[in-house]
Every structure is written in C-alpha cells, then in structure tokens.
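Since every read-out is calculated from the coordinates, none of them should be taken as a lab result. The structure presented is a predicted model; accordingly, all values stated were derived computationally and were not measured. Every residue, glycine among them, receives a Cβ derived from its backbone with ideal geometry; neighbour counts consider all protein chains shown.
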C-alpha cells in the first residue's frame, strides 16, 4: 500500500513540539532557536518532507503560475517567444502553463475558462485568427487576472496592454530593400483580416510603394488564411496575371516556404524569377540550400521576455493609469 506523504503534523508529533514551531523552523524564522531548526530540518530530510504547494498558495492567495495561450507551437516563432517567457518567469519564481488554441476561438475561450478556474496569476496571449471579440479576456481582467497581448495586437480595441514588433516600419523596410534590388512589381501575401498585425504590415507595404513612386495595384494583394492551401491558391492567382510579380512580401516565413514549394513543383521557371521576404527569420533557414532573399527578425525571445516583464509589473506593482504598449523594432536579415 502506498505510504501517505509526511506532513508538518507528523514532524511535530515526532519531536513533541507544536505545528507552528515546525512551520517556522522550516522557513528559518528568526524566532526559532538554531538547535530546534536543525532538529526539525534534519527530520524533514529523513522523512522526505515536501511542502504542500496548494496550501501555501491558498494562504498567499496566489498560484505563482502564468498562463500562456498561443495559436500553435509548431511555429518556431512562438516556441522562441516561450523561451523568453519561461526564462524570466523561472528567475522570478513563477511556473508557466503553456497552451495552444490551434487558431480556434472556441478552444481559446475554453482555455481562458480553464485558466480562470486554475487561478493563474496572469495571462499572456497571442490571439487566434478567429478572434474578433475579447469578452472572454475581459472576464479575466474583471476577475483580477491581468492580461498581456503579444505578437498579435487586439483589433478594434485600443485599451489593452500589448507587446509586439513594429510591423508597419518592418514591411516598409522590406519593400525599400526589394526596390533597391530592382523590383517594381511587388506582391503582398497578407495575413487574415481579423488580425491587426496584418493591417499594420499591409499599411507599411503601401506606404513604401508610395514613397518609391510605385503605383498601388490591388491585384497584387492576396489575403491568406495561414494555411498551406490558402498560400498555394494565392500564388496560383499571382502566376495567372499577365505580368506576375517579381517579388513577394509575405505575412510570415511559413508562407514563404509554402510559396517557394509551390513554385518549385508547379512553375520552376517562375521560381527563378521571383524573390521572397517574410516575417520570422526562422532558425531552420540556416540548414536550407534554397533560402528566401531576406527575412524580418521580429525578435521573438525579446517579445516574450518583454511580455512577462509587463505582466509581472501589472500583477505586483502599483496600479497605474492607462495601458502600456511596447513596439519593438524588427531587423531585416539578408541571406
């Protein structure tokens, strides 16, 4: 039969002292003498005593757990953001509860409910592509659980705490670079319209065209749903144009990979005539023989780190008026 875990009461009974004295001795309280501390801690080690974290958290009225909701962990970018979150969390004695919405609003709402019932101390979220309402996150904040949005800024809602990269400036930087390489017909594979991040990158693309005296052509804009099939459909439509683009700015590097694969299989001739830039600077590119022209490094580790720094500030610092927004600069990496 499995032996029950040793308790403070058991230690107290063995040493014939009070439970309160044992508790203070285990926490090195200054009111307990050195001899008593050593006796208590020695017996605790012999019994393999482990503090009841649930009871400790109940007394402190905090769980020391940070909830994180991501669209997916298959995407290397989000995995790198988690590294930034976890490293800082562990340094500050917090554990991280990592979940995936799989780009589903229904699943995202379920995860929010789970986190509220688990009494996490705060939540960091990159919303799903289906998220258009934020009522479920509002409920968290009303319950006293702060929320920080990261990577994907909430659309249509200005009063939120968020951390992201400056997609507008980054997209413009990419277009300027392509123009400097001699490109004039530059297409844009845009992200889902539900994401404010998509709008920012799209606006940066348009601003750079104007700055470089290139006429805007709506036919060169294709909205993609972040699936391989959606990217392939967009590429097929671009190739059917009388004058296909010579360069493409993609919402993310995974779109670049799908687009390049499509050209390799369906139109090898055009593959040699078309160059790509995406967002992500995926580490896996290091191992590819065929790389895109460049990529925009969104600094995922830094985004994750800044998100949890902001969250801990909201959780533990004095209440401040207004909301805090952090917009990091992206770096263009040429391959």
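Given a 10 angstrom Cα cut-off, can you work out which residue in 83, 212, 161 is the most mobile in a GNM of the chain? For the chain, modelled as a Gaussian network with Cα springs under 10 Å, the answer is 212.
Remark on the stretch 151-307: Rg and Dmax equal 15.2, 49 Å (Cα only). Each peptide in 256-267, 137-148 receives the mean, over its residues, of other Cβ atoms within 10 Å, and ordering these scores from highest gives 256-267, 137-148. How much mean residue ellipticity at 222 nm does the chain get from its helices, if each DSSP H run of length 4 or more adds -39500 (n - 2.57) and you divide by all residues, to the nearest 500 deg cm²/dmol? The per-residue figure over the chain is -14000 deg cm²/dmol.
When 332, 249, 178, 196 are arranged by Cβ crowding within 10 Å, least crowded first, meaning fewest neighbours, the order is 332, 196, 178, 249. Relative to the longest principal axis of the Cα atoms of the chain, the long axis of helix 76-91 lies at roughly 30 degrees.
Axis angle, to the nearest 10 degrees, between helix 105-117 and the longest C-alpha principal axis of the chain: 20 degrees.
With the biggest extent put first, the Cα atoms of the stretch 70-225 measure 54, 32, 28 Å across the principal axes. For the chain, the extents of the C-alpha atoms along the principal axes are 91, 44, 34 Å, listed from largest to smallest. When 201, 117, 184 are arranged by Cβ crowding within 10 Å, least crowded first, meaning fewest neighbours, the order is 117, 184, 201.
Highest GNM mean-square fluctuation among 96, 40, 127, for the chain modelled with Cα contacts below 10 Å: 40. The gain in end-to-end length when the residue 207 to residue 265 segment is fully stretched comes to 17.6 nm, 0.36 nm per residue minus the alpha carbon separation.
Rank 102, 27, 200 by mean-square fluctuation in a GNM of the chain with C-alpha springs under 10 angstrom and give only the top-ranked residue. In this elastic network of the chain, the residue with the biggest mean-square fluctuation among 102, 27, 200 is 27. Taking other C-beta atoms within 10 Å as the exposure proxy, 289, 253, 113 rank 289, 113, 253 from fewest upward. Modelled this way, with points 7 Å down the Cα-to-C-beta line, the labels at residue 193 and residue 286 are 4.0 nm from one another. Remark: relative contact order (the stretch 1-140) = 22 percent; criterion is Cα-Cα distance under 8 angstrom and separation of 6 or more residues.
Principal-axis analysis of the Cα atoms of the chain puts helix 300-316 at an angle of about 40° to the longest axis. Its relative contact order, with pairs defined as Cα atoms under 8 Å and 6+ residues apart, puts the chain at 18 percent.
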